[in-house]
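Before any comments, here is the structure.
No value in this document is a laboratory result; all are computed from the given coordinates. Note that the structure is a prediction, hence the values are computed from the model and not measured. Please note: Cβ atoms are built from the backbone with ideal geometry, for glycine as well, and neighbour counts cover all protein chains shown.
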Amino acid sequence: MKTHRIAAIPGDGIGKEVIAAGIEVLEALARRDGGFTLAFDHFDWGSDYYKAHGLMMPEDGRDQIRNHDAIYFGAVGAPDVPDHISLWGLRLAICQPFDQYANVRPTRVLPGITSPLRHVSGPELDWVIVRENSEGEYAGVGGRVHRGLPEEVATDVSMMTRTGVVRIIRFAFEMARSRPRKLLTVVTKSNAQRHAMVMWDEIAAEVARDYPDVTWDKMLVDAMTMRMTMKPETIDTVVATNLHADILSDLAAALAGSLGIAPTANLNPERRFPSMFEPIHGSAFDITGKGIANPIGTFWTATMMLEHLGEKPAADRLMRAIERVTADPDLHTPDLGGKATTRQVTDAVIASIGADNA
Ligand code: NAD
Ligand code: MN
């Protein structure tokens, strides 16, 4: 029997609550499937670790997880640790060196969940956002001089490489091709950002020649927010830069009902390094410890991890269980307007897995 080794990094805040729930669900799935087992190694890295050791993870942290088959990640961020330290010290310290350049964010309105858009009942909103995840605005290039003085200067340079842009646009065309509608929207801000973003547009046109079966268009990011809210049915697959897609995918999650349901895969498509799977939300310290964090995003994330591990039937079984649970408004957490707890949603998904005879 195959064993998949998974590095679990719950991180901070509700990250700990939703990853604990996700592991329970994954273990129930493995028992139900019978064809594979999951071996979890737990890493207590994050803001508490930082307060004790001055680092978000140990110096050799990446070496400790380099040979795992996947990383299951919660969220980072604590009220008393600067956000740039928690983000750069852990999440980006894994994504970037492990070359997880393709960040994939599916969004759809799950059964029983209400979109805040009046004209969306479900099928009109079914997107995959592909986020460039290795460079661009989050390349870490920049600096600050004359700190605190009137002549202070600070820069964050958005650095794009041809190799980096070609590979993400190619990945997005492949994604679009794999979906029934075969539509791709390439999002930039190439009117204002006239160097790197113009290169994006040019590369998109070049790569598109290899995908005559994919219909594609270009959109400026500001106009894209309007299209997402006014004409969601015209969108299928989207590719955008690290920053733009970060923002658009939170909007997408909200339009699909809640930030708490949305999943992410940070993929190293060549599989030279492990890929990392996480809900898109953060550590949500406003609700930490209350037992009401929505675990659905972390469960949906687990389906992406299972597919990556080659366990498609288990992934499908979990998605069916998730959809049966979201269909019941009594099992909605407060972010969805309900009263259910993380515990109740988790138990319901586990029960639904057990009852699934497909
Ligand atoms: P957030 O995603 O943590 O929370 C935004 C809002 O959504 C909050 O009101 C929160 O209660 C709600 N929410 C989020 N996830 C939810 C869930 N599963 N169930 C119910 N409600 C949920 O974003 P924020 O408040 O901007 O950031 C909080 C901290 O998280 C910051 O330190 C930030 O840097 C960090 N952060 C980390 C990541 C990550 O680790 N990938 C992503 C975003 C933010
Ligand atoms: Mn984000």
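Descriptive notes on the structure:
- Gyration tensor over alpha-carbon atoms, region 34-144, equivalent ellipsoid semi-axes in Å: 31, 21, 16
- Bins of 10 Å, starting at 0 and running to the largest distance - Cα pair percent for region 115-256: 11, 39, 30, 13, 5, 1
- Restraint check, 231/312; 16/339; 182/231; 16/189; 231/339, Cα-Cα greater than 25 Å: 231/312; 16/189; 231/339
- Hydrodynamic radius of the chain by the Kirkwood approach over all distinct alpha-carbon pairs: 21.0 Å.
- Debye intensity ratio I(q)/I(0), log10, region 198-285, q values 0.20 Å⁻¹ (C-alpha model): -1.18
- Cut-off under 5 Å, modelled amide H: who pairs with residue 216 long-range: 184
- Couplings for region 98-113, taken from phi via the Karplus curve 6.51 cos²θ - 1.76 cosθ + 1.60 with θ = phi - 60°, read 7, 6, 7, 7, 10, 9, 10, 10, x, 9, 8, 8, 6, x, x, 9 Hz in order; Gly and Pro are left as x.
- Taking Lys and Arg as +1 and Asp and Glu as -1, the other residues whose beta-carbon sits under 15 Å from that of residue 227 total -3.
- Working value for region 215-358: equivalent-ellipsoid semi-axes of 27, 21, 16 Å, each the square root of 5 times a Cα gyration tensor eigenvalue, largest first.
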